[in-house]
Amino acid sequence: MSFGPSAESTSLSEPASTALTTAAVNQAFQDTVQDSVEKSTLASSLPERFSAVQVASSPPSHLDNPSQLDSHSKQALEAATLEDLIATAVEQLTIDDFHGRWSSAKQFSKQFSQWGDRAIPPLIHHLHAQSDPEIQWFLVRILAQFDHAQFDHAQIVTALAQLLMTTQSEDLQMEVIKALSSMGGSAIRVLSQLLSAVVDDAQRILAARTLAHIRRSAVIEPLLSITKDANADLRMIAVEALGSFHDPRVTPVLLEAIADKPSICIEAIRTLGRRSDLLTTTDLITPLQQCLVSDDETIACESAIALSRLGNTDATQLLGKQLFEPLSTKVKVTIAQSLGWLNTAESVAHLASAFAMPIPIIMPTVKQAIAQALGQTRELALQAIAAQPLIAWLSEAPTRTALETVSETELAKGLTPETFLLTQTVLAVLPRLNATEALTPIIPLLGNSDPRLRMHALSAIKQLDPRASQAQVQRYLRREDLPLTRKQYVAQTLAAW
């Protein structure tokens, strides 16, 4: 298709030439905006439309003087043709299946990138106008193909950053992050400039969050620049992102962040807990110890978890010691859980010692957490140590009095909620520790007045040693001092075996 007059007409006067050029513009515009109804027609029309834009991008070759083509008309032709073609291409993406979209996107990427900066605004417009994450996914891939060295990526980076923060699609988020990472230094420069030059906090937060997703060492410097910013949201983003880099510049920032507002302090604590590699050069235990006794329970609990992750001797001793200190029940429960995760001889010893302490030094809720932590012991050599205080608790006189009530009046009262929950936990833990010696104190619970507890006792017995336990149960029933009611409870329980 030719835009303009034939070769014989090159000597036409200026008015005639201008009129003819206007006609050519109108004709070219009509050709490019014609919509196809059928998919095949739409797909087959795209190559011709690409050619039309290439022709419109340069002056007609038949003109002796290229300036004969009015500049305003040329720009109008280029803009109308380009925008229409991009709209048509996006429409093609909406009607194809995935494989068709993939093929089309490859073709569009190559052509659009050749048109340079002119294609970027329309593509960004369609990126934000689209509601289908899959179409946006392909548009992101197209935008990422523009030559990083040749074009200014400020528009693309800003558009992708906005999309990253607004979309709920994980696949789209990953593709945006991939696109920004592929832009490398150009994306980081644009975002860094937004951090330092923009007054609007919303745009600075957007830039910071986008930088946080680009896992390159080049983002460390701009993120460090906002660790002391007046905006707490920016400080939070910086601390969270910097925590993933093992860079010596980051450690002082994390230690200082412990003194910041609670949300930032908590993020710093979590990060320090993952940095056991620093223990040989940096004292992490002391600052975490200060956080462990914080009035903020969340900070204290996060400190216990961080110390457990560090897992060295100093951290274990600190956690074990704090079980006996006047801390809140929630913090002590977290400490017990943290010691249980360590699964070392030292941590088991601390837990066993704490479980043996009487109330109110160790309250029932904390004892229950300690019992659960002891039940996590995996080393066979340590399981006997972990089971010992639990068996002793079931066997000791106060517990037997509570669990083996001796009169009909006491039998009707049942157990207190604290005693029931603790007993239930101990019965669930002992089989995991392979504590067959626990059969002796467990069997009397088959005659308890609480049917729930009887079932828990039966379950524990069946898991420990079914054959040996049957003989022991029969000997228990032959006891002359055993009340008739208790014998009846035992018989009812055994019926469920």
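Out of the range 349-375, which residues are outside any helix (DSSP H, G or I) and at pLDDT 95 or above?
Across the range 349-375, the qualifying residue is only GLY375.
If you go through the range 241-277, how many residues are closer than 17 Å to LEU211 by Cβ, surrounded by fewer than 20 Cβ atoms within 10 Å (Cβ to Cβ) and among the charged types (D, E, K, R)?
2
List the residue pairs whose Cβ atoms are under 7 Å apart, where the first residue sits in the range 208-237 and is free of Cβ contacts under 8 Å to residues at least 40 places away in the same chain and part of a helix (DSSP H, G or I), the second is of a type in the set (S, T, N, Q) and crowded, with 18+ Cβ neighbours inside 10 Å, and the two are 6 or more positions apart or on different chains.
PRO222/SER192; ARG235/THR227
Against the conditions (1) on the phi < 0 side of the Ramachandran plot; (2) outside the structural domain of GLU256 (by TED's automatic domain parsing), where does ARG275 fall short? Just the number, please.
Of (1) on the phi < 0 side of the Ramachandran plot; (2) outside the structural domain of GLU256 (by TED's automatic domain parsing), only one is false for ARG275: (2).
How many residues, within the range 287-344, are of a type in the set (Lys, Arg) and crowded, with 16+ Cβ neighbours inside 10 Å?
2
Check the range 110-123 and report whether any residue there is crowded, with 16+ Cβ neighbours inside 10 Å, at pLDDT 75 or above, under 31 Å from the mean Cα position of the chain (by Cα) and part of a helix (DSSP H, G or I).
Checked against the condition, which is being crowded, with 16+ Cβ neighbours inside 10 Å, at pLDDT 75 or above, under 31 Å from the mean Cα position of the chain (by Cα) and part of a helix (DSSP H, G or I), the range 110-123 yields at least one hit.
What pairs come out if I take residues in the range 343-364 that are free of Cβ contacts under 8 Å to residues at least 40 places away in the same chain and pair them with residues that are among the charged types (D, E, K, R) and surrounded by fewer than 20 Cβ atoms within 10 Å (Cβ to Cβ) whose C-beta lies under 6 Å away, six or more apart or interchain?
Close Cβ pairs (under 6 Å, with a partner that is among the charged types (D, E, K, R) and surrounded by fewer than 20 Cβ atoms within 10 Å (Cβ to Cβ)) amount to ASN343/ARG378.
In the range 191-211, which residues are buried (at least 17 other Cβ atoms within 10 Å of the Cβ) and either touching a His at 6+ places or on another chain (Cβ under 6 Å) or among the small types (Gly, Ala, Ser) (or both)?
If the condition is that a residue be buried (at least 17 other Cβ atoms within 10 Å of the Cβ) and either touching a His at 6+ places or on another chain (Cβ under 6 Å) or among the small types (Gly, Ala, Ser) (or both), then SER192, ALA207, ALA208 are the ones that fit.
Conditions first: (1) part of a helix (DSSP H, G or I); (2) among the charged types (D, E, K, R); (3) not assigned by TED's automatic domain parsing to the domain that holds ALA218. GLU267 passes all but one, so which condition is the exception?
Every condition holds for GLU267 apart from (3).
Can you go through THR94, THR88, THR158 and tell me which one is surrounded by fewer than 21 Cβ atoms within 10 Å (Cβ to Cβ), at pLDDT 75 or above and in a helix (DSSP H, G or I)?
Answer to the selection: THR158.
Does at least one position in the range 264-273 carry a residue that is of a type in the set (Ser, Thr, Tyr) and over 17 Å from LEU319 (Cβ atoms)?
Yes - at least one qualifying residue is present in the range 264-273.
Look through LEU390, LEU403 and report the one residue that is within 20 Å of ALA460 (Cα to Cα), touching a helix residue (DSSP H, G or I) at 6+ places or on another chain (Cβ under 8 Å) and modelled with pLDDT under 90.
Just a single option satisfies the conditions, and that option is LEU403.
The values are calculated or read from the model by the stated rules, or taken from the named source; none is laboratory data. All of these numbers come straight from a predicted model, not from anything done at the bench. A quick note on method: Cβ atoms are made from the backbone with ideal geometry, for glycine too, and the neighbour counts reach across all protein chains shown.
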